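K.L.:
Here it is, the structure in full.
The values are calculated or read from the model by the stated rules, or taken from the named source; none is laboratory data. This structure is a prediction, so every number in the text was calculated from the model and none was measured. Virtual Cβ from ideal backbone geometry, glycine too; neighbours counted across all protein chains shown.
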Protein chains: 2
Amino acid sequence: MSEYSVIGKPIKNVDGVAKVTGEAVYAFDMTLPNMLYGKLLRSPHPHAKIISIDTTEAQKLPGVKAIITGKDTPGGKWGLWRRYPELCDQTALATEKVRYIGEPVAAVAATSIDIAERALDLIQVEYEPLPAVFDPLEAIKDDAPLVHEDFENNINATRHIEWGNVDEAFKAADYIREDRFTLSSQHHAPMEVHNALASYDKGTGRLTVWASTQSPYFLQLGLADALKMREGDIRVIKPHVGGGFGGKNSTMPESVNAALLSKKTGRPVKIVYNREEEFIATEHRTAMNLAIKIGLKKDGTILAKEVKIITDGGAYTGLGATTLYLAGTFITFPYKTPNYRYDGFRTYTNTMWSSSMRGFGAVSTVYAAETQLDRAAHDLGIDPLEIRRRNAMTPGYEAPGQYKVESCGILECIDKMKERVKEKWPKLEKDEGIGFATFAYMSGGIFNWIDTPYAFSGAMVKVNIDGTVDLFTQASDIGQGSNTVAAMICAEVLGIDVEDIRLHLGDTAITLTDLGAWGSRETLMNGNAIKAAAEEVKKKLISVARMKLGENIVYDLVVKNKRIYLELRPERGFSYYDIVRDAIKENDGEPLIGIGHYTPHNKGMISPAYGMGIQAVRAKVDRETGHIELRDVIVVHDCGQTINPLGARGQVEGSTQMGLGFGLCEEILMDNGLIINPSFVDYKLIRFRDMPPIELIDVPTYDPEGPFGAKEAAEATASPGAAALANAVYHAVGAEFDTNVLRPEKVLKAIREKEKKDRAGK
Amino acid sequence: MSEYSVIGKPIKNVDGVAKVTGEAVYAFDMTLPNMLYGKLLRSPHPHAKIISIDTTEAQKLPGVKAIITGKDTPGGKWGLWRRYPELCDQTALATEKVRYIGEPVAAVAATSIDIAERALDLIQVEYEPLPAVFDPLEAIKDDAPLVHEDFENNINATRHIEWGNVDEAFKAADYIREDRFTLSSQHHAPMEVHNALASYDKGTGRLTVWASTQSPYFLQLGLADALKMREGDIRVIKPHVGGGFGGKNSTMPESVNAALLSKKTGRPVKIVYNREEEFIATEHRTAMNLAIKIGLKKDGTILAKEVKIITDGGAYTGLGATTLYLAGTFITFPYKTPNYRYDGFRTYTNTMWSSSMRGFGAVSTVYAAETQLDRAAHDLGIDPLEIRRRNAMTPGYEAPGQYKVESCGILECIDKMKERVKEKWPKLEKDEGIGFATFAYMSGGIFNWIDTPYAFSGAMVKVNIDGTVDLFTQASDIGQGSNTVAAMICAEVLGIDVEDIRLHLGDTAITLTDLGAWGSRETLMNGNAIKAAAEEVKKKLISVARMKLGENIVYDLVVKNKRIYLELRPERGFSYYDIVRDAIKENDGEPLIGIGHYTPHNKGMISPAYGMGIQAVRAKVDRETGHIELRDVIVVHDCGQTINPLGARGQVEGSTQMGLGFGLCEEILMDNGLIINPSFVDYKLIRFRDMPPIELIDVPTYDPEGPFGAKEAAEATASPGAAALANAVYHAVGAEFDTNVLRPEKVLKAIREKEKKDRAGK
């Protein structure tokens, strides 16, 4: 039995009713008095010089209130890697040249969307097309066209990681294999497209922006850099957000140009991307070429790994440099890897740029590592679960200078999976296979490329006279349920209900900074800040209750179920409400305020804690058509202490769907830099009817760094799907793949190759 | 030379540009997605039983989304005198009977205002008219109809004040006179009518209301009582407000019914009064019958005063009971009154109720006291300024058990006035007169009828990494400029500019409670809270700077002009920005937060401090037409340390205009409970072209209780206008008045009476 009243209970999303009834307001829905509509004119060329832009005719169109081009912007460059100014490469509007199809070159504000669109048609841009480069392997060649002149060989960022003695270890290995993979991109495909509403106040010179963002703070910084304004003069407000999945960390042209147009017109301006723009002109998962070499002992013990990755960066940086780093890290998880070497390169190419996406750095690399491991196990005659078991990290495992894994339930997860699979799927049909893949992910990043001087998460709790609580933080609920988690953590500490807590989240002006929703950081980092803030208030309540009781100070008091009482004599105590009233009186009429913050300290270079687990996919392959039928999924999951099982389950479902989509059908198709499937008709997501059931088994651990022992939950489960699927196909029909997205024709081809090999082998 | 960098400098209103460009958003302007429009059906009877209400036909009208009558409301009663439940007499909709013409009996929410109005026409209400009472002197009679059955003789509230020995003192007096006055009402006539936008969230059971209010906190409490909800589940947000003047303290039917309709429909609902509704169905200045008896020594020294007031309360309480109390107090100001007795009665009548209005309790009483004093001075052969000088309060003057006046510049004000008038108006034309009247008013009330457990004012200051400041308080800028004053006080303490401060004001959820804008409380009370909050941060900055300097702790540091330095060696110090950065680092990445509050302690029963002064009006009377021409005004003013001379001047101008309007032309005309001039065509305000120039002379004092020595500014100057005007007419043509509003026919009549008396006297 849990000792908690709220933590670990399935709590319905605090925003749930508002969302299903349509009451919830998204930036998308918002209007302001006198608001104008903005639109961006986009480049039709992947790489071209801008010779001239003529807006004369467009200006004349009635209803057009402002048109800006690159020269009308303050010229501020920005990016998320603020520590490295050369990686701050984004601009509001292209000025000298365009670098991808869809890059904005002009922005219009008009009294309606129609007029704004008609104005775009009237703007005359003269381009001089330049040779373009789309393939990262081409991009690094000496004679490749340069996307950014200052970056030789189009190398945007590099990363080297190394520990142990890799070369010696490979010499000692009984078995070595090397595989090469080409992993494709994937689109976030959020229900809510990118959009921003900006309102510039000429009187005070201050800007307010409502936006669909994962990090109001990042957007505030991006806007400050872009507009050359003070951070403190910019207020970013994140209303409800209809999905981010990693695609809404960067400050994108819609918010910057909305701000510029608002500044120019003195009226609020809103820019909403249409679905096509969402596909062609927002970030996506980083495609990569990956070589992975592994050295094993005969018994399957990993001795060494060597990984090389060249990522397809696209035209700008975004969180691409972070992806490169995380890829080099998470390809080792969750296995003990005594000797490791990684070299990563990110290239600039003439495409929309790649960045973070759910499980970034892990999804593509897990595909490579986990399909390779299955092949090695096969070669060595070891059971796929057994080889994973043998190498599994144990609590306290450390990769020198890189990371330390405190709580670690991966062994139990594998054991539970073994047990459950045996029981659930005792017998397989013909051409049916089970594929496994482990997964692990961070609970927020330690690295501080954004260069914030603030604590990573901050929170303030205000307890009012009637016992209700106002909770303030910048934590971003983008649909993942962090609002509910925030309320639950606060409620647990103060011994009240989630309903007693009113949230004020995602507003940079009225809350303490939080870095936002990425890398599964909110539960642990923001949760710790909230816990600290609530505990400050709890201390005050206990102190007042103790004073009233006149009890010996050696006896502890408990704050629970709206009572404050002696732990050893629960009948001696008071109502929470009475103590709140007394405490406010004692506080000379000030409501009770607690402030807390969290920054990881001495936790290595990656994350304070890691969620992990293993996934099994049962699939059947049609040997005639190459069609794969997803039949069943089991996820065994260690996310420390689950805060909200209902929320965690929902997130596991969504992550699994995305992970399987990466393996089965989601693909951004490109022709000379042109995305040719920018719609939900042509970009194939796994739909509800095609999703297999998912069984979720929880392996609780307690992470000493997390609030109530919690850590990352569910984002990690985006990474095993493609690998487990490929492994299932491998075990069903023996087909091997060096790419993801197992389209029927690809599966068929692999089956044919396997059959040929088998025949040749005979 | 002032030692201040910001305080005392003429600073442009921080909202000024937004207001003049139309960018400022008022609740009036707001819309929300899916918003409905609400309208109230009002009683045509001053007093009637409600027999039945039939909404059948109205419900059928397409576009009508909800109709409610009294029985659909939770039945919560509310009022501002929450300490006395019997005075909480307001209801959302009349259920049993209506008590004034305009009282709402049903509310409609529809998709447009037109449809809502058409629906009102379709609601059938059957009334049984009851005998009504309109005159307070009739209302207290035993056989008068009862407005509220529980209140005998229609007496709503009473107030007795007494000190000294009044009867003995009258015996000792050389000169006694008694005058009776009938003082009329006055309408606030704000540019922005009453309106509220309510949005109830069914998922969380929480309500947000944007309203044109003087006190978001009072509205939050009113709504909680009316709707039987928890305070903490109600959030009131006050956007810009287009004038309050005392008429927006009460929770009025528009906000309560908007909330009820939103709860019923699940959609946001907005109710905006039209100008007619604003006149007939919102509060107004309290009309009264007043008897004042004064006993003087031959030399003009006041020995005793006895005052009786019966006010015309109207149908409900509002702040009427407070008006009654303040009237009994401020009729003694700013004179030493060794013996005093006051009996006040507030009556219920069948009219829209009276409440607070700019200078409430002082405007009507000053008219009586100051015109009486001129007559007495005339009878005793004493100069009008001299009789005022002789009785003027001096610093530290105390009315036993009632009030103590610390800073007190009234003597200097009178002296300055004497000097200036002599110099400026050496000679008068025929039928021209100069009238004087002194004035004094409070800096917020000490009395706590609202029964708040919170400090009267609270504030929070957050200093960000770039040195910008977020300032949070509930202080209400309703046009009087308190936002600017708040920013100035904060800027002064932190040694920065007003532009560095972003205000978050008037939102009950995100700020510490403040009681709102009434009785000129914001500068002193909220100012003290802000000062305390900012000083907490300043302490941190000084501590960090001291640490860096390594200086002996006996040397003080100064925070000024964006530097922090040794007071005695100004060259030794640091930039404010650097110290902020260091302090946040030292604070482990938390922004610098200071919290402050203020509640008056041991300051008597009225107010912690009193602004005061004297006004002179020069006017010419046309003996043929009775027309008065306002020619010139001088105001000599002690408001302690003026925070913002520009703002104070603006407020003096507005107050003077209202005070003169009360004396010259503003009159709510009523016929059997029906207001017959509910429009700006028929309700006469003094317009710009008719306003005389106003010369403002400042007599600075320092009030020990105020922030930087500040206290009430300008509200007091609403009270002398009518009296000074009447005195000017008295001195010009000898005409005496026992009422305000000196319409030409009244003046002509008074002149004729004076001439008759003179002839009779001859």
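K.L.:
Tell me yes or no: at least one residue of the range A:70-80 is out of contact with any Phe, Trp or Tyr (no Cβ under 9 Å at 6 or more places or on another chain), more than 21 Å from A:ALA258 (Cβ to Cβ) and of a type outside the set (Lys, Arg).
P.N.:
In the first step, residues of the range A:70-80 are kept if they are out of contact with any Phe, Trp or Tyr (no Cβ under 9 Å at 6 or more places or on another chain); the result is A:70-78.
When the remaining residues are screened for being more than 21 Å from A:ALA258 (Cβ to Cβ), the result is none.
Within the range A:70-80 (the criterion being out of contact with any Phe, Trp or Tyr (no Cβ under 9 Å at 6 or more places or on another chain), more than 21 Å from A:ALA258 (Cβ to Cβ) and of a type outside the set (Lys, Arg)), the answer is no, since none of the residues qualifies.
K.L.:
Look at the range B:587-608 and say how many of its residues are among the acidic types (Asp, Glu) and either at pLDDT below 95 or surrounded by fewer than 16 Cβ atoms within 10 Å (Cβ to Cβ) (or both). Can you show your working first?
P.N.:
First, the residues of the range B:587-608 that are among the acidic types (Asp, Glu): B:588, B:590.
Narrowing further to those that are either at pLDDT below 95 or surrounded by fewer than 16 Cβ atoms within 10 Å (Cβ to Cβ) (or both): B:588.
Total satisfying the criteria: 1.
K.L.:
Do we find that B:ALA529 is in a helix (DSSP H, G or I), without any contact (Cβ under 8 Å) to a residue 40 or more places away in the chain and touching a Phe, Trp or Tyr at 6+ places or on another chain (Cβ under 9 Å) in this structure? Before the answer, list the steps.
P.N.:
Working: in a helix (DSSP H, G or I): yes; without any contact (Cβ under 8 Å) to a residue 40 or more places away in the chain: no; touching a Phe, Trp or Tyr at 6+ places or on another chain (Cβ under 9 Å): yes.
Considered against the rule, which asks whether it is in a helix (DSSP H, G or I), without any contact (Cβ under 8 Å) to a residue 40 or more places away in the chain and touching a Phe, Trp or Tyr at 6+ places or on another chain (Cβ under 9 Å), B:ALA529 comes out as no.
K.L.:
Also, quick follow-up: Looking at the range B:494-504, which of the residues that are assigned to a loop (DSSP other than H, G, I, E, B) and touching a strand residue (DSSP E or B) at 6+ places or on another chain (Cβ under 9 Å) is nearest to the other protein chains (Cβ to nearest Cβ)? Can you show your working first?
P.N.:
Filtering the range B:494-504 down to residues assigned to a loop (DSSP other than H, G, I, E, B) leaves B:495-497.
Filter again for touching a strand residue (DSSP E or B) at 6+ places or on another chain (Cβ under 9 Å), leaving B:495-496.
Numbers: B:GLY495: 16, B:ILE496: 11 Å.
Residue satisfying both the conditions and the ranking: B:ILE496.
K.L.:
Please tell me if A:SER199 is among the hydroxyl-bearing types (Ser, Thr, Tyr), closer than 30 Å to A:LYS248 by Cβ, away from chain B (no Cβ under 14 Å) and not in a helix (DSSP H, G or I).
P.N.:
Values: among the hydroxyl-bearing types (Ser, Thr, Tyr): yes; closer than 30 Å to A:LYS248 by Cβ: yes; away from chain B (no Cβ under 14 Å): no; not in a helix (DSSP H, G or I): yes.
Criteria not met by A:SER199.
K.L.:
Suppose we keep only residues that are at the interface with chain A (Cβ under 9 Å from one of its Cβ atoms) and in contact (Cβ under 8 Å) with a residue 40 or more places away in the chain within the range B:14-28. Which one would you say is surrounded by the fewest Cβ atoms within 10 Å (Cβ to Cβ)? If you could, list the steps in order and put the result at the bottom.
P.N.:
Here is the first cut: in the range B:14-28, the residues at the interface with chain A (Cβ under 9 Å from one of its Cβ atoms) are B:14-25.
Now drop any that are not in contact (Cβ under 8 Å) with a residue 40 or more places away in the chain, which leaves B:14-15, B:18-19, B:24-25.
Values: B:VAL14: 22, B:ASP15: 20, B:ALA18: 17, B:LYS19: 15, B:ALA24: 19, B:VAL25: 17.
Only one residue fits best here, namely B:LYS19.
K.L.:
Kindly indicate the residue of the range A:673-720 that is at pLDDT below 95 and more than 23 Å from the chain's Cα centre (by Cα) and also surrounded by the fewest Cβ atoms within 10 Å (Cβ to Cβ) among those meeting that condition.
P.N.:
Residue satisfying both the conditions and the ranking: A:ARG689.
K.L.:
Can you pull out the residues in the range A:582-599 that are facing chain B (nearest Cβ under 7 Å) and of a type outside the set (S, T, N, Q)?
P.N.:
At the first step, the residues of the range A:582-599 found to be facing chain B (nearest Cβ under 7 Å) are A:584-585, A:588-591, A:593, A:595, A:597, A:599.
Correct list: A:ILE584, A:LYS585, A:ASP588, A:GLY589, A:GLU590, A:PRO591, A:ILE593, A:ILE595, A:HIS597.
K.L.:
Follow-up question, since we're still on this one. Tell me which residues, restricted to the range A:8-29, are modelled with pLDDT of 95 or more and either more than 20 Å from A:ALA487 (Cα to Cα) or over 24 Å from the mean Cα position of the chain (by Cα) (or both).
P.N.:
A:LYS9, A:TYR26, A:ALA27
K.L.:
Take the residues in the range B:111-127 that are of a type in the set (S, T, N, Q) and assigned to a loop (DSSP other than H, G, I, E, B); name whichever of them is surrounded by the most Cβ atoms within 10 Å (Cβ to Cβ).
P.N.:
To start, the set of residues in the range B:111-127 that are of a type in the set (S, T, N, Q) comprises B:111-112, B:124.
Still in the running and assigned to a loop (DSSP other than H, G, I, E, B): B:111-112.
Details: B:THR111: 16, B:SER112: 11.
So the residue we want is B:THR111.
K.L.:
B:ASP578 versus (1) away from chain A (no Cβ under 14 Å); (2) surrounded by fewer than 21 Cβ atoms within 10 Å (Cβ to Cβ): which is the lone unmet condition?
P.N.:
Of everything listed in (1) away from chain A (no Cβ under 14 Å); (2) surrounded by fewer than 21 Cβ atoms within 10 Å (Cβ to Cβ), B:ASP578 misses just condition (1).
K.L.:
Kindly indicate which of B:GLY663, B:GLY706 is of a type outside the set (Lys, Arg) and over 23 Å from B:ILE7 (Cα atoms).
P.N.:
Working: B:GLY706 fails: over 23 Å from B:ILE7 (Cα atoms).
After applying the criteria, what remains is B:GLY663.
K.L.:
Ok, one more. Test B:GLU168 against the stated conditions and say whether it is surrounded by 19 or more Cβ atoms within 10 Å (Cβ to Cβ) and among the acidic types (Asp, Glu). Steps first, answer last, please.
P.N.:
Numbers: surrounded by 19 or more Cβ atoms within 10 Å (Cβ to Cβ): no; among the acidic types (Asp, Glu): yes.
Criteria not met by B:GLU168.
K.L.:
For A:ALA92, indicate whether it is under 20 Å from A:VAL272 (Cβ atoms), within 14 Å of chain B (Cβ to nearest Cβ) and touching a Pro at 6+ places or on another chain (Cβ under 7 Å). Outline the logic, then answer.
P.N.:
On the way: under 20 Å from A:VAL272 (Cβ atoms): yes; within 14 Å of chain B (Cβ to nearest Cβ): no; touching a Pro at 6+ places or on another chain (Cβ under 7 Å): yes.
When the stated conditions are applied, A:ALA92 does not pass them.
K.L.:
Tell me which of these A:ARG177 doesn't satisfy, since it passes every other one: (1) assigned to a loop (DSSP other than H, G, I, E, B); (2) surrounded by fewer than 20 Cβ atoms within 10 Å (Cβ to Cβ).
P.N.:
The number of the failed condition is (1).
K.L.:
State which residue is farthest from the other protein chains (Cβ to nearest Cβ) when the search covers only the range B:448-466 and only residues that are β-branched (Val, Ile, Thr) and in a strand (DSSP E or B).
P.N.:
Initially, the range B:448-466 is screened for residues β-branched (Val, Ile, Thr), giving B:450, B:452, B:461, B:463, B:465.
Next, only the ones that are in a strand (DSSP E or B) stay: B:461, B:463.
Values: B:VAL461: 13, B:VAL463: 9 Å.
Here the residue is B:VAL461.
K.L.:
Let me ask something else about it. Given the residues B:LEU183, B:LEU221, B:LEU197, which is the only one that is in contact with a Pro (Cβ under 9 Å, 6 or more places away or on another chain) and at pLDDT 95 or above?
P.N.:
Values: B:LEU183 fails: in contact with a Pro (Cβ under 9 Å, 6 or more places away or on another chain); B:LEU221 fails: in contact with a Pro (Cβ under 9 Å, 6 or more places away or on another chain).
Sole residue among the options that is in contact with a Pro (Cβ under 9 Å, 6 or more places away or on another chain) and at pLDDT 95 or above: B:LEU197.
K.L.:
Now, a different point. Considering each of A:ASP514, A:ASP507 in turn, give the residue that is out of contact with any Leu (no Cβ under 6 Å at 6 or more places or on another chain), at the interface with chain B (Cβ under 10 Å from one of its Cβ atoms) and acidic (Asp, Glu).
P.N.:
Details: A:ASP514 fails: at the interface with chain B (Cβ under 10 Å from one of its Cβ atoms).
None of the other options fit; the residue is A:ASP507.
K.L.:
Answer with yes or no whether B:GLY516 is in contact with a strand residue (DSSP E or B) (Cβ under 8 Å, 6 or more places away or on another chain) and at pLDDT 95 or above. Quick ask: steps written out before the conclusion?
P.N.:
Details: in contact with a strand residue (DSSP E or B) (Cβ under 8 Å, 6 or more places away or on another chain): no; at pLDDT 95 or above: yes.
Taking the combined requirement at face value, the residue does not satisfy it.
K.L.:
Continuing with this model, one more query. Just to check your reading of the model, which residue among B:GLY613, B:GLY650, B:GLY626, B:GLY654 is in the same structural domain as B:SER407 (by TED's automatic domain parsing), on the phi > 0 side of the Ramachandran plot and under 27 Å from the mean Cα position of the chain (by Cα)?
P.N.:
On the way: B:GLY650 fails: on the phi > 0 side of the Ramachandran plot; B:GLY626 fails: under 27 Å from the mean Cα position of the chain (by Cα); B:GLY654 fails: on the phi > 0 side of the Ramachandran plot.
After applying the criteria, what remains is B:GLY613.
K.L.:
All but one of (1) in contact with a strand residue (DSSP E or B) (Cβ under 8 Å, 6 or more places away or on another chain); (2) more than 14 Å from chain A (Cβ to nearest Cβ); (3) crowded, with 24+ Cβ neighbours inside 10 Å; (4) assigned to a helix (DSSP H, G or I) hold for B:ALA475, so report the exception by its number.
P.N.:
(4)
K.L.:
Now, a different point. Being of a type in the set (Val, Ile, Thr) and closer than 29 Å to A:GLY361 by Cα is the filter; apply it to the range A:734-762 and report the residue that is surrounded by the fewest Cβ atoms within 10 Å (Cβ to Cβ). I'd like the intermediate steps shown before the answer.
P.N.:
At the first step, the residues of the range A:734-762 found to be of a type in the set (Val, Ile, Thr) are A:739, A:741, A:747, A:751.
From the residues that got through so far, the ones that are closer than 29 Å to A:GLY361 by Cα too are A:739, A:741, A:747.
Numbers: A:THR739: 15, A:VAL741: 19, A:VAL747: 23.
Top of the filtered list is A:THR739.
K.L.:
Within the range B:371-387, track down each residue that is part of a loop (DSSP other than H, G, I, E, B) and either touching a residue at least 40 places away in the same chain (Cβ under 8 Å) or crowded, with 21+ Cβ neighbours inside 10 Å (or both).
P.N.:
B:ILE382 - this is the single residue of the range B:371-387 that is part of a loop (DSSP other than H, G, I, E, B) and either touching a residue at least 40 places away in the same chain (Cβ under 8 Å) or crowded, with 21+ Cβ neighbours inside 10 Å (or both).
K.L.:
From the set of residues in the range A:128-165 that are acidic (Asp, Glu) and surrounded by 12 or more Cβ atoms within 10 Å (Cβ to Cβ), which is farthest from A:PHE181 (Cα to Cα)?
P.N.:
Looking only at the range A:128-165, we keep the residues that are acidic (Asp, Glu), and these are A:128, A:135, A:138, A:142-143, A:149-150, A:152, A:162.
Next, from what is left, pick out any that are surrounded by 12 or more Cβ atoms within 10 Å (Cβ to Cβ): A:135, A:138, A:162.
On the way: A:ASP135: 14, A:GLU138: 16, A:GLU162: 21 Å.
My answer is A:GLU162.
K.L.:
Determine which single condition B:ARG521 fails, assuming it passes every other condition in (1) out of contact with any Lys or Arg (no Cβ under 9 Å at 6 or more places or on another chain); (2) within 30 Å of A:LYS462 (Cα to Cα); (3) within 14 Å of chain A (Cβ to nearest Cβ); (4) charged (D, E, K, R).
P.N.:
Single failed check for B:ARG521: (3).
K.L.:
Between residues in the range B:227-240 that are more than 12 Å from every other protein chain (Cβ to nearest Cβ) and residues that are of a type in the set (Ser, Thr, Tyr) and not in a helix (DSSP H, G or I), which pairs lie under 6 Å by C-beta distance while being six or more apart or on different chains?
P.N.:
These pairs meet every condition: B:VAL236/B:THR508; B:LYS238/B:THR213; B:LYS238/B:SER476.
K.L.:
Identify, from the list A:GLU499, A:GLU536, the residue that is of a type outside the set (Val, Ile, Thr), touching a Gly at 6+ places or on another chain (Cβ under 9 Å), closer than 19 Å to A:PRO645 by Cβ and surrounded by fewer than 23 Cβ atoms within 10 Å (Cβ to Cβ).
P.N.:
Working: A:GLU536 fails: closer than 19 Å to A:PRO645 by Cβ.
Exactly one residue qualifies, and that residue is A:GLU499.
K.L.:
When you go through (1) within 30 Å of A:GLY243 (Cα to Cα); (2) away from chain B (no Cβ under 14 Å) one by one for A:LYS65, which number turns out not to apply?
P.N.:
(1)
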